[in-house]
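So the structure is just underneath, and the comments pick up after that.
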C-alpha cells in the first residue's frame, strides 16, 4: 500500500473534456468540486435520463450533457463512471471502443475485485482503465445533494495492477488530489477485504438493527440509534449490488461479527463483568484511535 497526496495541492489538470457517467450524488460532487477548484476544461454529464441531465446543467454542475455513451466517450479525455457497481464493467467495455487514443477511464465504485479482474486486459489505442474508490458519500441521493467539498481530506483508493502505465496512474492520482483527496494505492483484493469491514458490514448491521425496530418503539429512538443506523437509509438497489459484488468478503465479515456478538452474549449471560468490560474497553480504544478526522463528515 502506498500513500500519495502529502505534497502541495496538484496543479489544475489539462484535460479538455472530463465526462462523468452518472450525475448523482458522487458524480455531481465530482463536477461541483472541479468547478470550485477552477477546472478550465469542459465537464460533460452522461446518463439515461435527459431531463435530469438538463436539470444538472441548469444548476451549473455540468457544461454539456448527453444520453449517448459512445459519442460522449469519443470526445472525452478522462471518464469517470459513477454508476452502480453492477453496471461498471459493461459500461467500460461499451465506451472503450470509441475512446480516443490515450483516454483514461476510472470509476467510483465501492467494490474493486470483479471490476478490476474483468477490466485488467489492455484496451486498444492506449486507452487505460484504473479502478478508484473515493471514501466519501452519504445516504442521500441525486445531484441536488452534490457537495463541492465532499472529497476534501477524504481517502481515495486507486487500484493499479502490474501493467498499469505509470503516467496514467500519476494522472489519476493528480485528479483525485485536485478534488481534495488523499490517494492510497492498493490491490483490488486488499481493498475489498478492508472495505467489507469498514463499509459493507456496517451497512448490513445498520439495516439489521432498523429491521428489528417495532413501530411502537419509534418514539423511543434518540441520537445513539439514529447515528448508528443513518446509513440504512441508503438506496436498496445500490446497496444490494454492492453487497453481492463483494459477497465472499461480506459473508466472512458477518461471520466474524457473529463471533464477536457471541462473546458479548456469553459474558452477559454469565454475569461476567470483567470480560464484558474488557470487550467494551477494546471497542472504545479502537473507536478513539480512529481520530476525529476519520469520522468527520463534510458539511452539506
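Scan the stretch 93-104 for residues that are in contact with a helix residue (DSSP H, G or I) (Cβ under 7 Å, 6 or more places away or on another chain) and more than 11 Å from residue 126 (Cα to Cα) and jot them down.
Step one: list which residues in the stretch 93-104 are in contact with a helix residue (DSSP H, G or I) (Cβ under 7 Å, 6 or more places away or on another chain), which gives 94-95, 98-102, 104.
Once the filter is applied, which keeps residues that are in contact with a helix residue (DSSP H, G or I) (Cβ under 7 Å, 6 or more places away or on another chain) and more than 11 Å from residue 126 (Cα to Cα), the stretch 93-104 yields 94, 95, 98.
Out of 300, 240, 211, 207, which single residue is surrounded by fewer than 16 Cβ atoms within 10 Å (Cβ to Cβ), modelled with pLDDT of 95 or more and either under 20 Å from the mean Cα position of the chain (by Cα) or at positive phi (or both)? Please lay out each step first, then the result.
Working: 300 fails: modelled with pLDDT of 95 or more; 211 fails: either under 20 Å from the mean Cα position of the chain (by Cα) or at positive phi (or both); 207 fails: surrounded by fewer than 16 Cβ atoms within 10 Å (Cβ to Cβ).
Exactly one residue qualifies, and that residue is 240.
Inside the stretch 65-90, can you point out the residues that are over 14 Å from residue 27 (Cβ atoms) and without any contact (Cβ under 8 Å) to a residue 24 or more places away in the chain?
67, 68, 90
Tally the residues that are in contact with a helix residue (DSSP H, G or I) (Cβ under 8 Å, 6 or more places away or on another chain), in contact (Cβ under 8 Å) with a residue 40 or more places away in the chain and under 24 Å from residue 192 (Cβ atoms), restricting the search to the stretch 110-147.
20
Which of the residues spanning the stretch 138-149 are farther than 15 Å from residue 234 by Cα and either part of a loop (DSSP other than H, G, I, E, B) or outside the structural domain of residue 174 (by TED's automatic domain parsing) (or both)?
146, 147, 148, 149
Which residues, counting only those in the stretch 177-234, are within 27 Å of residue 115 (Cβ to Cβ) and part of a loop (DSSP other than H, G, I, E, B)?
179, 180, 181, 186, 187, 234
Examine the stretch 159-166 for a residue that is in a helix (DSSP H, G or I) and over 20 Å from residue 231 (Cα atoms), and state whether such a residue exists. Show your work before the answer.
Step one: filter the stretch 159-166 for residues in a helix (DSSP H, G or I), giving 166.
If we keep only those that are over 20 Å from residue 231 (Cα atoms) too, we end up with 166.
Yes.
Which of the residues spanning the stretch 150-170 are closer than 20 Å to residue 291 by Cα and surrounded by fewer than 22 Cβ atoms within 10 Å (Cβ to Cβ)? Spell out how you get there, then give the answer.
The first filter runs over the stretch 150-170 and keeps only residues closer than 20 Å to residue 291 by Cα, leaving 150-157.
Correct list: 152, 153, 154, 155.
Yes or no: residue 181 farther than 15 Å from residue 105 by Cα, buried (at least 22 other Cβ atoms within 10 Å of the Cβ) and in contact (Cβ under 8 Å) with a residue 40 or more places away in the chain?
On the way: farther than 15 Å from residue 105 by Cα: yes; buried (at least 22 other Cβ atoms within 10 Å of the Cβ): yes; in contact (Cβ under 8 Å) with a residue 40 or more places away in the chain: yes.
Against the criterion (farther than 15 Å from residue 105 by Cα, buried (at least 22 other Cβ atoms within 10 Å of the Cβ) and in contact (Cβ under 8 Å) with a residue 40 or more places away in the chain), residue 181 qualifies.
When the stretch 57-67 is examined, which residues are found to be more than 10 Å from residue 21 (Cα to Cα) and in a loop (DSSP other than H, G, I, E, B)?
Hits for the stretch 57-67 are 59, 60, 61, 62, 63.
The values are calculated or read from the model by the stated rules, or taken from the named source; none is laboratory data. Since the model is a prediction, treat every value here as computed from it, not as a measurement. Note that each Cβ is placed from the backbone with ideal geometry, even for glycine, and that neighbours are counted across all protein chains shown.
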